[in-house]
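Heads up: the structure comes next, in structure tokens.
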Amino acid sequence: MDRRKSLKSIVLGSVAGGLALHGCKPGAETEELVESPKMTYPGRVPLEEELIAELQAEEFLNPHEVATLTILCDLILPGSEQFKAASDADVVGFIEFMAKDNPRYQPDLRGGLMWLDHKCNTEFAKEFKDCTVEQQKSILDPIAFYDPEVPGDERPFEVNFFSLVRNLTMTGFYTTKIGIEEIGYKGNMPNVWDGVPEDVLAQHGVAYEEEWLAKCVDQSKRGIKAEWDEDGNLIT
């Protein structure tokens, strides 16, 4: 899917919403209102949902590529007793979706996986996924780092391939529930406004009136966190 189509659906949704508020033509005797598209998922309109469904129904990676990429992603972001691995968050599924959504990734991904197998066949007479971890790392270490002074289009193909997979692996993992929980990100949290700090008020020789504070700053709600239901509706 061309990303422009996805952006177009968002723009169309915004335009329709604007028409619903302002009517079709200023000064017209009869105003025909356009109903804004109903949201089926927070921030998405039905057209987006349809395009996403089409992408999910397609297949890009074959079983061998999935197995190879799964091992590669877990070498990039391995699991431990404390942390999850890339495969725990289905990073390969994310990478495949991105490759279908942005076809320019496809030649680099498919070509890079073929390069891995060719290199391992040359060095160890077996495919990448069948090599030992030590053998796999010996292939990856030379391409895992690149000279930032060298432009991307002048670097070896395999270096750019590994960089692409590494970037997609990290993006895919840390935008999932598992990854977000791992870094402890909580997003915007509600709090209580205490007003202008007292030292700043003192500098200007002013102060809040107690009656005003009682009405506008409710200290009894300090520390209360907002909660939402599964549909994204605010509970408390």
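The values are calculated or read from the model by the stated rules, or taken from the named source; none is laboratory data. The structure presented is a predicted model; accordingly, all values stated were derived computationally and were not measured. Heads up: the accessible areas ignore ligands, DNA and RNA and are worked out on the full protein's heavy atoms, side chains in. Shrake-Rupley method; radii C 1.70, N 1.55, O 1.52, S 1.80 Å.
What to note about this one:
- Accessible-area value, residue 115, 1.4 Å probe, nucleic acids and ligands omitted, Å²: 50 Å²
- Region 47-183: relative contact order in percent, alpha carbon pairs under 8 Å with at least 6 residues between: 28 percent
- In Å², nearest 10: area of residue 196 left accessible to a 1.4 Å probe: 60 Å²
- Among the listed pairs 100/129; 129/186; 137/186; 119/177, those with a Cα-Cα distance over 29 Å are 129/186; 137/186; 119/177.
- Sorting 64, 204 by solvent-accessible area of protein heavy atoms yields 204, 64, largest first, with a 1.4 Å probe.
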